[in-house]
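The values are calculated or read from the model by the stated rules, or taken from the named source; none is laboratory data. Remember, it's a predicted structure, so these values are computed and weren't measured experimentally. Glycine gets a Cβ as well: all are built from the backbone with ideal geometry, and neighbour counts include every protein chain shown.
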Amino acid sequence: MSIKILFLEDDALFSETIVDLLEDEGYEVFHSPNGQDALDATYKEKFDLYLLDINVPLIDGVSLLGDLRKADDETPAIFLTSHSDKEMLQRGFLSGADDFITKPFDTTEFLLRLAALLRRTKRKQAECVGLLCHDNVHQSVLYDGVALELSKKEYELLVLLMDHANTPVPKELIYDELWSSADKGGSDGAIRVYINRLKQLLPGVNFENIRGFGYKLVP
């Protein structure tokens, strides 16, 4: 699965150079020439990394990242900018940046720093049980590197079972996690439907029914 990068930059020539560089390395790059276009892109796609210039039209890079962080978007972010003064560095990091690379820069160092940040983030994001990995940031579950198409309840149930892998999970805990006290949708039958759906999606994973008690995931 390719790594998706949102690249915010209004300099056309510089943008073309960086996009070509990243695509040659196998990254999937979405280029936005202004902050509003970049913000709109975050509603449509889930990205693995943000590369943001600061002085861009409509919404500057610092304000954009600050708004994304306020919305609990923890996607790693690097500022690519000609700014080098301490005040701007402080503003950038306070807005939630993970790194700050000053133009012009060495492309080899740029690629190494980008790859290092992605590795650190992947270790932080993913909690794996066998071939199943929970991506906390994007709120998805991957099996052998492929994202599963799950409903909200299927996702919540699978993550709960992953958190207690090889340990029986009582039905009472499943009810508490999947349904609020005001939600009348919880039932043994509903749980069975979600378990059967997970079994169809993951034939290589064992979901054990502990009769009269609950369920256990055996990866």
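Taking the options Leu65, Leu114, name whichever one is under 16 Å from Ile18 (Cβ atoms), modelled with pLDDT of 90 or more, surrounded by 17 or more Cβ atoms within 10 Å (Cβ to Cβ) and of a type in the set (A, V, I, L, M).
Leu114
Please count how many residues of segment 160-219 are of a type in the set (Phe, Trp, Tyr) and more than 21 Å from Glu127 (Cα to Cα).
Result for segment 160-219: 4.
Does Leu173 satisfy the condition of being in a strand (DSSP E or B) and either at pLDDT 90 or above or out of contact with any His (no Cβ under 6 Å at 6 or more places or on another chain) (or both)?
no
Among the numbered conditions (1) at pLDDT below 90; (2) among the aromatic types (Phe, Trp, Tyr); (3) part of a helix (DSSP H, G or I), tell me where Tyr43 comes up short.
(1)
Name the pairs whose Cβ atoms lie under 6 Å apart, with the first residue in segment 1-15 and farther than 14 Å from Glu45 by Cα, the second surrounded by 15 or more Cβ atoms within 10 Å (Cβ to Cβ) and polar (S, T, N, Q), and 6 or more positions between them or separate chains?
Leu8/Ser32; Glu9/Ser15
Quick test of your reading of the structure: Leu142 fulfils all but one of (1) in the same structural domain as Ser187 (by TED's automatic domain parsing); (2) surrounded by 18 or more Cβ atoms within 10 Å (Cβ to Cβ); (3) in a strand (DSSP E or B). Name the failing condition by number.
Among (1) in the same structural domain as Ser187 (by TED's automatic domain parsing); (2) surrounded by 18 or more Cβ atoms within 10 Å (Cβ to Cβ); (3) in a strand (DSSP E or B), Leu142 violates only (2).
Any residue in segment 137-161 that is under 18 Å from Lys46 (Cβ atoms) and in contact (Cβ under 8 Å) with a residue 60 or more places away in the chain sitting within a Cβ distance under 9 Å of a residue that is assigned to a strand (DSSP E or B) and among the β-branched types (Val, Ile, Thr)? List the pairs, counting only those 6 or more apart or interchain.
The qualifying pairs are Ala147/Val141.
Can you find even one residue in segment 95-103 that is without any contact (Cβ under 8 Å) to a residue 24 or more places away in the chain, part of a strand (DSSP E or B) and among the β-branched types (Val, Ile, Thr)?
yes
Only one of (1) under 17 Å from Pro104 (Cβ atoms); (2) at pLDDT below 95; (3) part of a helix (DSSP H, G or I) is not met by Ile54, so which one is it?
In the conditions (1) under 17 Å from Pro104 (Cβ atoms); (2) at pLDDT below 95; (3) part of a helix (DSSP H, G or I), Ile54 misses (3) alone.
Looking only at segment 68-92, count every residue that is on the phi < 0 side of the Ramachandran plot and modelled with pLDDT of 85 or more and tell me the total.
12
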